[in-house]
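Below is one structure, written out as structure tokens; comments come after it.
We did not get these values from a lab; they are worked out from the coordinates using the rules stated. These numbers were taken from a predicted model, which means no experiment stands behind them. Backbone-built Cβ (ideal geometry, glycine too); neighbour counts: all protein chains shown.
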Ligand SMILES: Nc1ncnc2c1ncn2[C@@H]1O[C@H](COP(=O)(O)OP(=O)(O)OP(=O)(O)O)[C@@H](O)[C@H]1O
Ligand SMILES: [Mg+2]
């Protein structure tokens, strides 16, 4: 088991958003959190990443209690995510953004190839950056484009490359395809499917697009008003009458 949460409760002031959530994610598994707008998905996600602490409950990563650990320290344990920790520098080009992330990982591992301004000289970093950009379909013509000039889809793709440059054991994705065009969305789904096939990474994601969920998720949890309505394999959850009524019915009438 890579991630486990028990009895997670979370309030914003008087508003109780999460009512005792339990979940567990196995090594290598893709686990999705779905539910209507305002159900508490992003709130749960932030509790799991450490960005926003729960009021009560416990989060464990590979058995280690990380409940009180910051998102920064969780990242060092192997939490990768597509924002916050993996931040894009807008005035820096695509290649350099990924190089900074590779360099950060190497220095966290105590294997920094040089001082930070020397990364250009480091062929090890450059090779790894090229491999990531090629593997995840970044057109070479974009490698020297400053991040601020990228299309929305390419920005998402860059965030994803940066997150992967940290070689996470657990990739946390809050709506990875939000705001994308249908073709970028299909491409991102393909990248995630490939990442899954290649193995070695567990994924926790939230997503509104049910087709993506049913393509990628090994198991999913349906949240509604901060409570878990159902957890299980997609086909079983899809058949669950309560889930159909509350959530899926809206999309798959
Ligand atoms: N920082 C905050 N302060 C106060 N209330 C908040 C805060 N963040 C979220 N909420 C409230 O908590 C509830 C759950 O929000 P959350 O963003 O977790 O939902 P969600 O399931 O991610 O929704 P969406 O599908 O729209 O992304 C909502 O009622 C929201 O208004
Ligand atoms: Mg959300």
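Some values worked out for this structure:
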read-out: Antiparallel bridges, percent of DSSP beta bridges restricted to the chain (to nearest 5); value: 55 percent
read-out: Separation between Cα centres of segment 14-92 and segment 151-182, rounded to whole Å; value: 16 Å
read-out: Helix axis angle, 123-135 relative to the chain longest principal axis, alpha carbon, degrees; value: 50 degrees
read-out: Whether the chain is rounded, prolate or oblate, judged on the alpha carbon gyration tensor where a/c under 1.5 counts as rounded; value: prolate
read-out: Net length gained if the chain between residue 42 and residue 6 were fully extended (0.36 nm per residue, minus Cα distance); value: 11.3 nm
read-out: Kirkwood hydrodynamic radius over Cα pairs of segment 189-253, then Stokes diffusion coefficient at 20 °C and 1.002 mPa s, in µm²/s; value: 169 µm²/s
read-out: Principal-axis tilt of helix 152-165 within the chain, Cα atoms, nearest 10 degrees; value: 80 degrees
read-out: FRET efficiency for residue 235 and residue 197, using Cβ-Cβ distance with R0 set to 30 Å, rounded to 0.05; value: 0.90
read-out: Helix 94-108 axis, angle to the chain major axis (alpha carbon atoms, nearest 10°); value: 80 degrees
